[in-house]
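Below is one structure, written out as structure tokens; comments come after it.
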Amino acid sequence: MSNEMPHPAVQIDGVTKSFGGSVALNPIWLKIQRGEFLTLLGPSGCGKTTLLNLIAGFLEADAGELFIHRDLVTQVPPHQREIGIVFQNYALFPHMTVAQNVAYGLRTRRVAKAEIATRVQEALALVKLEDFADRRPKQLSGGQQQRVALARALVIRPRVLLLDEPFSALDRNLRTAMQVELREIQMKLGLTTVFVTHDQNEALSMSDRIAVMSRGEIRQIGAPADIYARPENLFVSTFVGDANLFSARILARTGPVAEVEVGPARLRIAPCAADLPAFGPATLVVRPEHCRLTEAGTANAIPATVALSVYQGSHAELHLDCPAAEGGRMMLRVPAAEAMAPGTAVGIALSETGPSVFPPAADGRAVA
Ligand SMILES: Nc1ncnc2c1ncn2[C@@H]1O[C@H](COP(=O)(O)OP(=O)(O)OP(=O)(O)O)[C@@H](O)[C@H]1O
Ligand SMILES: [Mg+2]
């Protein structure tokens, strides 16, 4: 027997796509492992749906090759790719019952009647809708309709499940509940899943890996904690997570350690990117949790003034006027009881291990 590595569930080799001369996807190279939950995250128009539709076969690539398991599927029509798909807008057949909707993919595949009944039952149980089999879609809530769509995708036992912003029409609580439920089902079935969203929290909470996209490119791919804590570029650092930006100056760089001047403060930031210039202007990205409040005038702290304290239940957001910050503003979180009155002068001490430092990219930071 062969002892090769198993083929990835999905392999995308240099796939490109343009629409009428405008590039939607630059060459994309991506391997998705079996059983992996991969999220495509990025702003509107960055190419997420285009990439999903290429995997599904609804769009044809201009160049490159696409494999599902070991099969080259670049020229294979969607219904022969053995994939399940869930869209944002449910797309259920209104004149069919829930059970008939779920059975649809099995009937078109000419599965025997008795087996259809069993598998529809199983799929409905998986999404907790056993008792709704005879209802019509319009007699269901949005969350229930999306469960039917999920059951309909799962019932064919797809090799890959593709979901395009499936929960974006749901209110926040329901959305969170559906996220947990989908992840549980996906893990239970060991189902390879590609999930599209522009919601960073959704991506961070559900994924094994996140591919952060902008302008038709994958800008970084990695586990959620890597994407959040070790962003590789300014775009990723600002698109994922809250970020305070400071204009800074690199005074020296030795290997992965950069000595940085920001306002009156000097910091040694590590690790920093190996290709960071050894001196010159830079942008320092500081998450709220990398900032600590100190008294005004503390050595090595950045001066700021409380502008507004926003009560958030478990904590308060302090918005501060801060001349050293880009836009003159920054934000950090404090326990709700420690909120401070507007006008209070404070110092901001920055952690040396959390922040990231990047060249002051002219390539448009948070712009899609
Ligand atoms: N059928 C099409 N014809 C022409 N242009 C298209 C077509 N589909 C997508 N595009 C363009 O390709 C780019 C990527 O679109 P895509 O739908 O993949 O973005 P997206 O990341 O899914 O955005 P959103 O978050 O808004 O859904 C956009 O500039 C879009 O206008
Ligand atoms: Mg889209």
Could you please let me know if ASN101 is open to solvent by 30 Å² or more (accessible area, probe 1.4 Å) and of a type in the set (S, T, N, Q)? no
Among the residues of segment 172-205, count how many are modelled with pLDDT of 95 or more, outside any helix (DSSP H, G or I) and under 17 Å from the mean Cα position of the chain (by Cα). 6
Some residue of segment 57-71 being within 16 Å of ligand 2 (Cβ to nearest atom) and under 22 Å from the mean Cα position of the chain (by Cα): no
What are the pairs, 6+ residues apart or on separate chains, where a residue within segment 40-54 that is assigned to a loop (DSSP other than H, G, I, E, B) has its Cβ under 9 Å from a residue that is open to solvent by 30 Å² or more (accessible area, probe 1.4 Å) and near ligand 2 (Cβ under 9 Å from one of its atoms)? GLY42/HIS198; PRO43/HIS198; SER44/HIS198; CYS46/HIS198
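Okay, residues lined up against (1) within 16 Å of ligand 1 (Cβ to nearest atom); (2) closer than 20 Å to ALA282 by Cβ:
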{"position": "SER207", "(1), (2)": "no, no"}
{"position": "ARG215", "(1), (2)": "yes, no"}
{"position": "ARG219", "(1), (2)": "yes, yes"}
{"position": "ALA229", "(1), (2)": "no, yes"}
{"position": "ALA248", "(1), (2)": "no, yes"}
{"position": "ARG266", "(1), (2)": "no, yes"}
Counting only residues that are in contact (Cβ under 8 Å) with a residue 40 or more places away in the chain and over 22 Å from the mean Cα position of the chain (by Cα), segment 136-153 contains a total of 9
Tell me the residue from GLU65, GLU82 that is acidic (Asp, Glu), in contact (Cβ under 8 Å) with a residue 24 or more places away in the chain and under 17 Å from LEU161 (Cβ atoms), please. GLU82
Restricting segment 31-59 to residues that are open to solvent by 10 Å² or more (accessible area, probe 1.4 Å) and more than 12 Å from ligand 1 (Cβ to nearest atom), the one nearest to ASP199 (Cα to Cα) turns out to be GLU36
Please verify whether ALA282 is within 32 Å of the chain's Cα centre (by Cα), within 21 Å of PHE235 (Cα to Cα) and surrounded by fewer than 19 Cβ atoms within 10 Å (Cβ to Cβ), treating the condition exactly as stated. no
Being open to solvent by 40 Å² or more (accessible area, probe 1.4 Å), more than 21 Å from LEU332 (Cα to Cα) and part of a loop (DSSP other than H, G, I, E, B): is that true of ASP275 here? yes
Go through VAL86, VAL111 for me and flag whichever is modelled with pLDDT under 95 and in contact with a helix residue (DSSP H, G or I) (Cβ under 6 Å, 6 or more places away or on another chain). VAL86
So, in segment 206-229, how many residues would count as being open to solvent by 40 Å² or more (accessible area, probe 1.4 Å) and not in a loop (DSSP other than H, G, I, E, B)? 9
Considering only segment 8-21, I want to know if a residue exists there that is within 16 Å of ligand 2 (Cβ to nearest atom), part of a strand (DSSP E or B), loosely packed, with under 15 Cβ neighbours inside 10 Å and in the same structural domain as VAL194 (by TED's automatic domain parsing). yes
Restricting attention to segment 60-70, which residues are over 14 Å from LYS31 (Cα atoms) and open to solvent by 50 Å² or more (accessible area, probe 1.4 Å)? GLU60, ASP62
Residue count, segment 109-151, condition charged (D, E, K, R) and either part of a loop (DSSP other than H, G, I, E, B) or closer than 18 Å to ILE85 by Cβ (or both), comes to 8
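The values are calculated or read from the model by the stated rules, or taken from the named source; none is laboratory data. All values reported here derive from a predicted model rather than from experimental measurement. For neighbour counting, all protein chains shown are included, and Cβ atoms are generated from backbone atoms with ideal geometry for every residue, glycine included. The protein model used for the area step is the full one, side chains on, heavy atoms only, and it has no ligands, DNA or RNA in it. Shrake-Rupley method; radii C 1.70, N 1.55, O 1.52, S 1.80 Å.
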